[in-house]
Amino acid sequence: MATGARRKIVAGNWKMNKTVPEALALVRELRAQVAPLGDKVEVVVAPPFVALQAVHVALEGAPLQLAAQNCHWEASGAFTGEVSAPMLAELGCAYVIVGHSERRQFFGETDETVNKRAHAVKKAGMTPILCVGETLAEREANRTLEVVERQVRGALVGFEAADVAKFVLAYEPVWAIGTGRTATTAQAQEVHAAIRGLVARLYDGETAGRVRIQYGGSVKPDNAAELLGQPDVDGALVGGASLKAGDFLAIVKSAG
Ligand code: PEP
């Protein structure tokens, strides 16, 4: 499938930011300005759990999709503090971010739990945004492709080609997240192409041509166009710059 056939996807990961009133103010601004940008780019926002319901209502009829930042793999049960995939689907989430490096680093997420969460997301009728990426030590030890390959293989265990074709993968080098350090376009393209090649080996060329691969890691209005212009970069997962409507919209615009 030609690169142009994949619709770009830009998602804002708000992390643990924005109270409900702040979240509403931001989505109202986004809603007002995102429509004139047309439908070339799919735009997604991932507020904290507590703001999902209010943001869902505020986004009704808007060309913006809702995502959650994580979910548990069980549908219900004695898992204090956790939120399940069916609960998120009910709130209007289309996507769930799974395996973000902050969850891997700070909350013990493993390739196995990432895979279990991804299955729960799919079972609930949503799409996972599966995050992978190497640490600085791993990059410096020339282990980037090996690490990313292990994470992608782990995340996709038990999925069929038809599932994977609809998934979003996010390559996010850990050393670039929230640091102001961005991968060069060549570094990003190299890893994205390797991931697509791996999907082709694990499944087939058509699936590899359809799966969308976002880049994440200090994407800002001034570097987005170059990164998003790479043939295997199908969008961006944006942290810090998604908290300001102007910056996020500028990144969306550079994807279009
Ligand atoms: C992220 O949280 O996924 C991310 C890429 O953050 P930032 O854009 O702030 O580096």
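The values are calculated or read from the model by the stated rules, or taken from the named source; none is laboratory data. What you are looking at is a predicted structure, and each value in this text was computed from that prediction instead of being measured. Every residue, glycine among them, receives a Cβ derived from its backbone with ideal geometry; neighbour counts consider all protein chains shown. With ligands, DNA and RNA removed, areas are computed over all heavy atoms of the protein, side chains included. Shrake-Rupley method; radii C 1.70, N 1.55, O 1.52, S 1.80 Å.
Some points to look at:
- Order of exposure, largest accessible area first, which applies to 226, 172 with probe 1.4 Å: 226, 172
- Cα centroids of region 232-256 and region 120-183: 19 Å apart.
- Quarter of the Cα convex hull surface for region 151-205, i.e. its orientation-mean projected area (nm²): 4.2 nm²
- For the residues 99, 216, 158, a GNM of the chain with alpha-carbon springs under 10 Å puts the largest fluctuation on 158.
- Our coupling estimate for region 18-24, obtained by passing each phi through the Karplus curve with A = 6.51, B = -1.76, C = 1.60 and θ = phi - 60°, is 5, 6, 4, x, 5, 5, 5 Hz, Gly and Pro reported as x.
- For residue 219, the residues whose modelled amide H falls within less than 5 Å of its own, excluding neighbours fewer than 5 places apart on the same chain, are 239.
- For residue 179, solvent-accessible area (1.4 Å; no DNA, RNA or ligand), Å²: 80 Å²
- Within a straight-line Cα-Cα reach of under 17 Å, residue 220 can be paired with the following aspartates and glutamates, leaving aside sequence neighbours fewer than 8 residues apart in one chain: 172, 234, 247.
- Rounded accessible area per residue of region 1-115, 1.4 Å, Å²: 49 Å²
- Amide H partners (placed H, <5 Å) of residue 127, local residues excluded: 95, 96
- An oblate overall shape is assigned to region 134-256, the ratio a/c of its alpha-carbon gyration tensor axes (a ≥ b ≥ c) being 1.5 or greater and a/b not exceeding b/c.
- Computed extension gain for residue 32 through residue 7, at 0.36 nm per residue and net of the alpha carbon distance, reaches 6.8 nm.
- Rolling a 1.4 Å probe across all protein chains gives residue 222 an accessible area of roughly 140 Å².
- In the chain, the convex hull through the Cα atoms has an average projected area of 12.4 nm², a quarter of its surface area.
- Where only DSSP H runs of four or more residues are counted, the chain gives -12500 deg cm²/dmol as its mean residue ellipticity at 222 nm, each run worth -39500 (n - 2.57).
- Ranked by solvent-accessible area (1.4 Å probe, protein heavy atoms only, all chains present), the residues 145, 52 order from largest to smallest as 145, 52.
- Whole-Hz ³J(HN,Hα) from phi, Karplus 6.51 cos²θ - 1.76 cosθ + 1.60, for region 156-166, glycine and proline x: 9, 4, x, 9, 9, 3, 4, 5, 4, 4, 8
- Positive-end residue, the chain charge dipole about Cα centroid, Cβ charges, pick of 46, 126, 26: 26
- Close amide-amide hydrogen proximity is noted between residue 72 and 83, 84, 85, each under 5 Å apart and 5 or more residues distant or on a separate chain (H modeled in the peptide plane; Pro and chain starts excluded).
- Calculated from backbone phi, Karplus (6.51, -1.76, 1.60) coupling profile of region 65-81 in Hz, x at Gly/Pro: 9, 9, 10, 9, 9, 4, 7, 7, 8, 8, 6, 6, x, 7, 9, 3, x
- Choice from 205, 240, 12 showing the highest fluctuation, given a GNM over the chain with Cα pairs closer than 10 Å: 205
- Above-threshold pairs, the threshold being 21 Å between Cα atoms, out of 40/122; 15/244; 18/166; 122/244: 40/122; 18/166; 122/244
- Segment residue 137..residue 225, full-extension length gain: 28.9 nm, with 0.36 nm per residue of separation and the alpha-carbon distance subtracted.
- Among the protein heavy atoms of the chain, carbon and sulfur supply 52% of the accessible surface, probe 1.4 Å, non-protein parts ignored.
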